[in-house]
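*Asks:* Got a structure for you, written out below as C-alpha cells; questions coming shortly.
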Protein chains: 2
Amino acid sequence: MASELIIKGEMAQSAARALAVLDTDTKNRALFAIADGLEADSAYILEQNRIDLENASKKGIPAAMLDRLALDRKRISAMAEGIRQVAALPDPIGEVLGMTKRPNGLIIGKVSVPLGVIGIIYEARPNVTADAAALCIKAGNATILRGGSEAINSNIAIVKSMCKNGEGAGLPVGAIELVEDTSRETAVELMKLNGFIDVLIPRGGAGLIKSVVENATVPVIETGTGNCHVYIEKTADAEMAKRIVINAKTSRPSVCNAEETLLVDRAVAGKILPPILTALAEKGVEIRGCAETVAIFPGAKPATEEDWATEYNDYILAVRVVGGIDEAIEHITKYGTKHSEAIVTADYNMSQKFLAEVDAAAVYVNASTRFTDGFEFGFGAEIGISTQKMHARGPMGLSELTTTKYIIYGNGQIR
Amino acid sequence: MASELIIKGEMAQSAARALAVLDTDTKNRALFAIADGLEADSAYILEQNRIDLENASKKGIPAAMLDRLALDRKRISAMAEGIRQVAALPDPIGEVLGMTKRPNGLIIGKVSVPLGVIGIIYEARPNVTADAAALCIKAGNATILRGGSEAINSNIAIVKSMCKNGEGAGLPVGAIELVEDTSRETAVELMKLNGFIDVLIPRGGAGLIKSVVENATVPVIETGTGNCHVYIEKTADAEMAKRIVINAKTSRPSVCNAEETLLVDRAVAGKILPPILTALAEKGVEIRGCAETVAIFPGAKPATEEDWATEYNDYILAVRVVGGIDEAIEHITKYGTKHSEAIVTADYNMSQKFLAEVDAAAVYVNASTRFTDGFEFGFGAEIGISTQKMHARGPMGLSELTTTKYIIYGNGQIR
C-alpha cells in the first residue's frame with residue numbers, strides 16, 4: 001500500500017471527525033472563502049493548467065478532451081460561482097428524520113450525519129475537483145480526490161488554493177486531499193482503502209466505472225451509464241413526440257441522459273416516423289433502424305443487435321418498431337441501463353403501466369429524458385447520477401452525501 | 001461462471017419483475033401459505049435436517065453450531081410464526097416519499113420500489129432461509145440464498161416447501177432461489193454475479209463478512225461486527241451504571257450488540273468499579289483491565305492492546321479507566337466498529353457531546369447497547385444490522401430492502 005494513501009486517508013479521517021460537528025456558518029464561510037480564493041489565485045491556476053495543456057497536446061490528446069481540460073478566467077469564475085451556490089443551499093446535516101417513543105420509554109431518533117470520507121475518482125476535468133470538494137464539505141464530509149493524470153498540475157493548484165483559503169476560514173486540515181501519484185496502481189489501491197474511505201464515487205466514462213466496480217472493496221456508488229429510450233405509444237401526440245425525441249437525442253448527445261434508442265408502435269410508425277427521422281437527419285443524426293424502420297425511412301442504416309445495447313453518446317439513434325407497450329418494456333428491460341426512460345402517450349392506462357413496470361432511476365411520461373439532472377430536479381447541485389439501487393438512485397444532491405445515525409435517549413433501560 | 005448461478009440469476013431477475021408489481025394482498029396470501037406449508041411439511045423438513053445433523057456430528061462440528069443447525073417442530077412453528085408476522089407488517093412498496101412541481105410544470109415524484117434481486121450469504125442456520133426469503137418477498141424482492149454447506153439438506157427442503165406453497169398462492173416462479181452447490185468457488189462467483197444481483201447481504205461471523213467485502217463486485221451491505229463500549233461518565237448514577245453494564249455484557253454475550261469494553265472515568269473508578277466487576281465476576285465474566293483497573297480490582301487480568309480491538313462474543317470484558325469524555329471518545333473512535341456505543345451520565349452537556357461526536361450506527365444515553373435490533377426499534381422485523389454507512393445503517397427492516405424510483409409526469413416538456 002502506497003504510504004501516500006495511508007497518510008492522506010488518516011488525514012481525511014481526522015478531518016471528517018472535525019467536519020461532522022462543524023456548524024453550518026463555518027462551513028459556508030469556508031466555502032465562500034474558497035470561491036473567492038479560486039478567483040484570486042486564478043493566475044497561478046491558469047499557469048499550472050497551461051503546463052497540463054502543453055503536455056496533453058504533446059501526447060496528441062483529442063480536441064474534445066483538451067477542451068474539458070482547459071481553464072480560463074471565465075471557467076474559474078464559473079467554478080467559484082458554483083461553490084457559492086452550494087454554500088447557499090440548506091445544510092443537509094443534523095436533520096431529524098424521525099423520532100419515536102418505544103413502549104419501554106426509549107426515545108429513538110434518526111438524524112442525518114455525514115458519510116465521513118468520500119473518495120472521488122474522475123477524469124481530466126479540473127472543474128470536478130472544485131465542484132466535488134465543495135459538495136462534500138457542505139455535507140460535512142472529507143474528500144480524497146483522484147483526478148485524471150492529464151490534469152494533475154491544475155488539480156494540485158486548485159486543491160492548494162482551496163485548502164489555503166478554506167483552512168483560513170475554519171476548514172479542518174485534511175478536509176480536501178488530492179492523490180498526487182496518478183498511476184493506475186495507486187488508483188486501484190485507493191479503491192481498496194477500506195477503513196479510510198466510507199464511499200467511493202467514480203465520475204466518468206464506462207471504462208472508469210467498470211474498473212472501479214471490478215476492483216473496489218470499499219462501498220461504491222456506480223454512476224453514469226445511460227442507454228435511454230423514448231417509446232412513442234400509438235396514442236401519442238405526433239408533434240409532442242417529435243419535439244421530445246429531437247430534444248432527447250440532439251440537445252446534448254454526449255451526456256448520459258440523452259436518448260439512444262427510439263421505440264415506436266407499429267400502428268403509427270408509418271405516419272409518425274418519417275417527419276421525426278427527417279428532422280433528425282437534417283440535424284446530422286445517423287439513423288440505425290430495424291427492418292421495418294428501414295422500409296419506412298430508406299435513409300436509415302440497418303441496425304445490428306449491438307446497436308440496441310450501445311450508448312452512442314453521439315449523433316446516432318437506433319430506431320425499432322414494436323408491437324405495443326409490452327414489447328417496448330421488454331426491449332427496455334433487455335437493453336436498458338436503468339437510467340432514464342420515457343413514454344409519449346395520451347392513454348392514461350399506458351402511462352401508469354409504463355411508470356409501474358419500467359425499472360429505471362427516472363421514468364417519464366410526456367417529457368424528455370434530458371431532465372434527469374440534480375439541478376433540473378431542484379436539488380440545487382449534483383455530484384453524479386447513480387445507476388445502482390443501493391443508497392441513492394438517480395441524480396445525487398447533498399442529501400445523497402449523508403447517512404444516518406440513531407440517537408437513543410434512555411433513563412436506565414436494560415433488555 | 002457456474003451455469004447453475006446464471007440460470008438461477010435469470011430466474012430471479014424474471015421473478016423480481018413480476019414481484020415488483022404484485023399487489024400487497026397476493027404477497028401476504030403467499031406468505032401465509034408459505035407459513036402454513038412449512039408446518040405441514042415439517043416431517044419432511046425434520047427428516048432432511050436429521051441428515052444434516054448426522055453429517056455434521058460425523059465431522060465433529062462444535063455443539064453450539066449443532067444447536068443452531070438443529071430444527072424441531074417448535075422451531076419450525078417459530079419460523080412459520082415469524083413469516084406470519086412479516087405478512088402482517090405494512091407493505092413498504094409504493095410509498096410516495098415526495099412529490100414536487102417544478103417551475104416548468106414537471107411533476108417529479110419519488111416512490112419506494114423493490115431493490116430487485118437480493119443475495120443472502122449466511123451460515124448453517126436453516127431458520128435464516130425462511131426468515132430472509134419472507135422479508136425479501138414482502139418488500140417485493142426475489143432472493144438468491146446461499147446458506148452454509150452443513151445445512152444444505154435442510155435448506156433444500158425448506159426452499160422446496162416455500163416455493164411449492166408460495167407459488168400455489170400466486171408467488172412468481174424464481175422468487176426464492178437456493179444455491180445448491182455450496183462450494184467456496186461458487187460462493188465467490190455469486191459475489192461477482194453483476195447484472196443479476198442488485199444487493200448482497202452477508203449474515204454471519206467476521207470471516208464470512210470479510211470474505212464478501214473482499215471478493216464481491218456486486219453492491220454489498222456489510223453487517224454485524226460489533227466492538228461495543230459502555231462509558232461511565234463521572235456523574236453517572238452508580239446503580240444505573242451497574243445495571244446497564246451487566247445487561248450489556250451478560251444478557252447475551254454472543255451477539256453483536258453486546259458490550260465488549262467498559263470505559264470509566266478516573267474520578268469515580270475507585271468507587272464505581274468494585275461492585276460492578278464483582279457482580280460480573282460472580283456471573284462468570286473474565287475481566288481484562290488496564291493497570292489502574294487491576295490496581296482497583298485485583299481479580300482482573302492485565303489487558304493487552306489486542307483486547308481493546310477484540311469482539312469477544314463471550315463472557316469476557318475489557319475495562320479501561322479514562323481521564324474524561326474526550327479520552328473515552330478517542331478510545332471508541334480508535335477501537336470501535338461503529339455499531340453501538342453508550343454513555344451513562346447525569347450531565348446534559350456530556351450526553352449531547354457523546355451523541356454528537358461518537359460515530360456509530362446507534363449511540364445511547366443511559367440505556368444498554370443490547371437494544372440495537374429491528375424488533376426493539378419497532379420495525380417488526382430485521383434482516384441484519386448494517387455497520388456500513390451506505391444505504392442503510394443500524395438495524396435493517398423492510399424499508400431497508402427497498403430503493404426508490406423517480407416518476408415524472410410531463411405534458412411535452414423539453415430541455
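*Asks:* Quick one: Cα centre-to-centre distance for the range B:313-340 and the range B:152-168, in angstrom?
*Replies:* 44
*Asks:* Can you tell me the Rg and the Dmax, both Å, for the Cα atoms in the range B:1-143?
*Replies:* 19.4, 71
*Asks:* Need one number: convex hull volume per residue for the range A:45-104, Cα atoms only, in Å³. Show your work: numbers first, answer last.
*Replies:* Values: hull volume 10.1 nm³, N = 60.
Hull volume normalised by residue count: 168 Å³.
*Asks:* Could you work out the mean projected area of the convex hull around the alpha carbons of chain A, in square nanometres to one decimal? Provide the component values of the computation, followed by the final result.
*Replies:* On the way: hull surface 95.7 nm².
Mean projected area of the Cα convex hull: 23.9 nm².
*Asks:* Would you kindly calculate the translational diffusion coefficient of the range B:69-221, applying Stokes-Einstein with the Kirkwood radius from alpha carbon pairs, for 10 °C and a viscosity of 1.306 mPa s, and quote it in µm² s⁻¹ without decimals?
*Replies:* Working: Rh = 16.8 Å.
The diffusion coefficient I find is 94 µm²/s.
*Asks:* Hey, another quick one. With θ taken as phi - 60° and the coefficients 6.51, -1.76 and 1.60, list the Karplus ³J(HN,Hα) couplings across the range A:144-160 in order, rounded to whole Hz; mark glycine and proline as x.
*Replies:* These are the phi-based 3J(HN,Hα) values: 10, 9, 9, x, x, 4, 5, 9, 4, 5, 4, 5, 4, 5, 5, 5, 4 Hz.
*Asks:* Need the C-alpha centroid separation for the range A:275-311 versus the range B:99-125, integer Å.
*Replies:* Here the two parts' Cα centres lie 34 Å apart.
*Asks:* I would also like to ask the following. Given charges of +1 on the Cβ of Lys and Arg and -1 on the Cβ of Asp and Glu, with all other atoms neutral, how large is the dipole of chain A about its Cα centre, in debye to the nearest 20? Please list the in-between numbers first.
*Replies:* Numbers: 43 positive and 52 negative charges, 143 e Å.
About 680 debye.
*Asks:* Here's something else I'd like to know. If exposed chymotrypsin sites (Phe, Trp or Tyr not before Pro) are those in a DSSP loop with at most 16 other Cβ within 10 Å, what is the longest stretch of chain A that has none? Present the calculation step by step, with values, prior to reporting the outcome.
*Replies:* Details: sites that count: A:Tyr315, A:Phe375.
My reading of the result: A:1-314 is the longest stretch.
*Asks:* For B:Lys160, list the aspartates and glutamates whose Cα falls under 15 Å from its own Cα; do not include residues on the same chain fewer than 8 positions away.
*Replies:* Cα-Cα hits under 15 Å: B:Asp36, B:Glu39, B:Asp41, B:Glu47, B:Asp131, B:Glu177, B:Glu180.
*Asks:* For the residues B:Glu376, A:Glu292, B:Glu95, what sequence is obtained by ranking on other C-beta atoms within 10 Å, fewest first? Could the numbers behind the result be given before it?
*Replies:* Numbers: B:Glu376 20, A:Glu292 17, B:Glu95 14.
Listed from fewest to most nearby Cβ atoms, that is B:Glu95, A:Glu292, B:Glu376.
*Asks:* Can you work out ³J(HN,Hα) from phi for every residue in the range B:352-368, in order, using Karplus 6.51 cos²θ - 1.76 cosθ + 1.60 and θ = phi - 60°, giving whole Hz and x for Gly and Pro?
*Replies:* For the range B:352-368, the Karplus curve yields 5, 5, 5, 4, 6, 9, 7, 9, 8, 5, 9, 10, 10, 10, 6, 8, 6 Hz.
*Asks:* Pick from A:Gly207, A:Gly37, A:Gly374: which is most flexible by mean-square fluctuation in a GNM of chain A where alpha carbon atoms under 10 Å apart are linked?
*Replies:* Most flexible of the set in this elastic network: A:Gly207.
*Asks:* Ordered shortest first, which distances in nm separate the 7 Å Cα→C-beta label point of B:Asn349 from those of the other copies?
*Replies:* In ascending order, 6.9 nm.
*Asks:* For the range B:353-415 and the range A:4-79, write down the distance between their C-alpha centroids in whole Å.
*Replies:* Going from one Cα centre to the other spans 33 Å.
*Asks:* In a Gaussian network model over chain B where Cα atoms closer than 10 Å are linked, find which of B:Glu189, B:Glu311, B:Glu54 has the largest mean-square fluctuation.
*Replies:* Sorting by GNM fluctuation, first place goes to B:Glu54.
*Asks:* Okay, next question. Could you size up the charge dipole of the range A:228-371 around its Cα centre, putting +1 on the beta carbon of Lys and Arg and -1 on that of Asp and Glu, and report it in debye to the nearest 20? Kindly include the intermediate steps, with their values, before the conclusion.
*Replies:* Values: 15 positive and 21 negative charges, 80 e Å.
Its charge dipole is roughly 380 debye.
*Asks:* Then there is this: Run the helix sum for the protein assembly as shown: -39,500 (n - 2.57) per DSSP H stretch of 4+ residues, divided by residue count, reported at 222 nm to the nearest 500 deg cm²/dmol.
*Replies:* Details: 30 runs with 368 residues, N = 830.
Taken over the protein assembly as shown, the calculation gives -14000 deg cm²/dmol.
*Asks:* Taking the Cβ of each residue in A:Leu280, A:Leu355 as the centre, tally the other Cβ atoms inside 10 Å and list the residues starting with the fewest.
*Replies:* Numbers: A:Leu280 23, A:Leu355 19.
Ascending Cβ contact count within 10 Å gives the list A:Leu355, A:Leu280.
*Asks:* What list of ³J(HN,Hα) couplings, whole Hz, do you get for the range B:386-402 from phi and the Karplus terms 6.51, -1.76, 1.60, once you set θ to phi - 60° and write x for glycine and proline?
*Replies:* 6, 10, 10, 9, 7, 6, 9, 9, x, x, 10, x, 5, 4, 6, 9, 10
*Asks:* Would you mind ranking A:Arg125, A:Arg266, B:Arg203 so that the residue whose beta carbon has the fewest other beta carbons within 10 Å leads the list? Each step should come with its number before you reach the end.
*Replies:* Numbers: A:Arg125 19, A:Arg266 13, B:Arg203 22.
Fewest to most other Cβ atoms nearby, the residues stand as A:Arg266, A:Arg125, B:Arg203.
*Asks:* Continuing with this model, one more query. Roughly what % of Cα-Cα distances in the protein assembly as shown sit above 52 Å, to the whole percent?
*Replies:* Numbers: 60054 of 344035 pairs.
Tail fraction, whole percent: 17.
*Asks:* Over chain B, with a Gaussian network built from C-alpha contacts below 10 Å, which listed residue (B:Asn349, B:Asn257, B:Asn366) shows the highest mean-square fluctuation?
*Replies:* Taking springs between Cα atoms under 10 Å, the residue moving most is B:Asn349.
*Asks:* Further, regarding this structure: Above 16 angstrom, tally the Cα pairs of the range A:317-395 and express them as a % of all pairs, no decimals.
*Replies:* Numbers: 1681 of 3081 pairs.
For the range A:317-395, the fraction of Cα-Cα distances above 16 Å is 55 percent.
*Asks:* Cα-based Rg (one decimal) and Dmax (whole number) for the range A:228-371, in Å?
*Replies:* Looking at the range A:228-371, its Cα Rg and Dmax stand at 13.2, 35 Å.
Values quoted throughout were computed directly from the atomic coordinates according to the rules given, and no laboratory measurement underlies them. Fair warning: this is a prediction, and the values are worked out from it, not measured in the lab. Counting neighbours? That spans all protein chains shown, and the Cβs are built from the backbone with ideal geometry, glycine included.
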